[in-house]
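Peer 1: My questions all concern the structure below.
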Amino acid sequence: KPEEIVTKLRQVEVLCGQGMPRIDAIRQVQITEQTFYRWRKQYGGMRTDQLKELKRLQKENDRLRRAVSDLTLDKLILAEAARGNY
């Protein structure tokens, strides 16, 4: 889950802040180095509340995209019917 990802990224930051080498901190939170850098690129610097807001906005965006595509399809059907090609 994204919330767990942000938590693991924070744990690595805390361990590095305490003087532990980054690679050892990554191993301690039980993820690979590649996964850490991929997650950091995607979620780096986000707080949990920002992550929740991002997910909410993504859901809203998906809902609006579906609404637009439905309306576009309805418009095309009506235009075709108005021309008498039904």
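Peer 1: Once neighbouring chains are kept in place and the probe is 1.4 Å, which whole percent of the accessible area of the chain is contributed by carbon and sulfur? All intermediate terms of the calculation are to be shown ahead of the outcome.
Peer 2: Details: 3690 of 6990 Å².
Using a 1.4 Å probe with all protein chains present, the chain comes out at 53 percent carbon and sulfur.
Peer 1: If we restrict to alpha carbons, what Rg and Dmax does region 1-46 come to, in Å?
Peer 2: 9.5, 28
Peer 1: For the chain, what does the alpha-carbon gyration tensor say about shape, rounded, prolate or oblate, given a ≥ b ≥ c as the root eigenvalues, a/c under 1.5 as rounded, and a/b over b/c as prolate?
Peer 2: Details: a/c = 6.70, a/b = 3.99, b/c = 1.68.
It is prolate, given that a/c is not under 1.5 and a/b is the larger ratio.
Peer 1: Here's something else I'd like to know. Which angle from 0 to 90°, rounded to the nearest 10, does the C-alpha axis of helix 33-43 make with the longest principal axis of the chain?
Peer 2: 50 degrees
Peer 1: Still on this structure, I have one more. Using only helices, what value at 222 nm comes out for the chain when you add -39,500 (n - 2.57) per DSSP H run of length 4 or more and divide by the total residues, to the nearest 500 deg cm²/dmol? Intermediate values should be presented prior to the final figure.
Peer 2: Details: 4 runs with 70 residues, N = 86.
The helix-only estimate for the chain comes to -27500 deg cm²/dmol at 222 nm.
Peer 1: Report, by chain and number, residues whose modeled amide H sits under 5 Å from the one on Met46, excluding near sequence neighbours (fewer than 5 apart, same chain).
Peer 2: none
Peer 1: Please turn the phi angles of region 48-54 into ³J(HN,Hα) values with the Karplus equation 6.51 cos²θ - 1.76 cosθ + 1.60 (θ = phi - 60°), one per residue in order, whole Hz, x for glycine and proline.
Peer 2: In residue order, the calculated couplings are 4, 5, 5, 5, 5, 5, 4 Hz.
Peer 1: I've got another one for you. Quick one: Karplus J couplings for region 17-24, per residue in order, coefficients 6.51, -1.76, 1.60, θ = phi - 60°, nearest Hz, x for Gly and Pro?
Peer 2: Along region 17-24, the couplings run x, 8, x, 7, x, 4, 4, 5 Hz.
Peer 1: Rounded to the nearest 20 debye, what is the charge dipole size of region 12-86 about its Cα centre when +1 sits on each Lys and Arg Cβ and -1 on each Asp and Glu Cβ? Each step should come with its number before you reach the end.
Peer 2: Values: 15 positive and 10 negative charges, 6 e Å.
Value, rounded to 20: 40 debye.
Peer 1: Taking 8 Å as the Cα distance limit and 6 or more residues as the minimum spacing, I'd like the relative contact order of the chain as a percentage. If you can, show how the numbers build up before the last one.
Peer 2: Numbers: 31 pairs, mean separation 23.2, N = 86.
Reported as a whole number, the value is 27 percent.
Peer 1: To continue, here is another question. Using a 1.4 Å probe, what is the accessible area per residue for the chain, in Å²? Provide the component values of the computation, followed by the final result.
Peer 2: Numbers: 6990 Å² over 86 residues.
In whole numbers, the chain has 81 Å² accessible per residue.
Peer 1: Now, a different point. Treat each spin label as a single point 7 Å out from the Cα along the C-beta direction, and report the Leu76 to Ile23 distance in nm.
Peer 2: 5.4 nm
The values are calculated or read from the model by the stated rules, or taken from the named source; none is laboratory data. Just so you know, these numbers come straight off a predicted model, no measurement behind them. Every residue, glycine as well, gets a Cβ built from its backbone with ideal geometry; the counts of neighbours run over all protein chains shown. The area values use the complete protein model at the heavy-atom level, side chains included, leaving out ligands, DNA and RNA. Shrake-Rupley method; radii C 1.70, N 1.55, O 1.52, S 1.80 Å.
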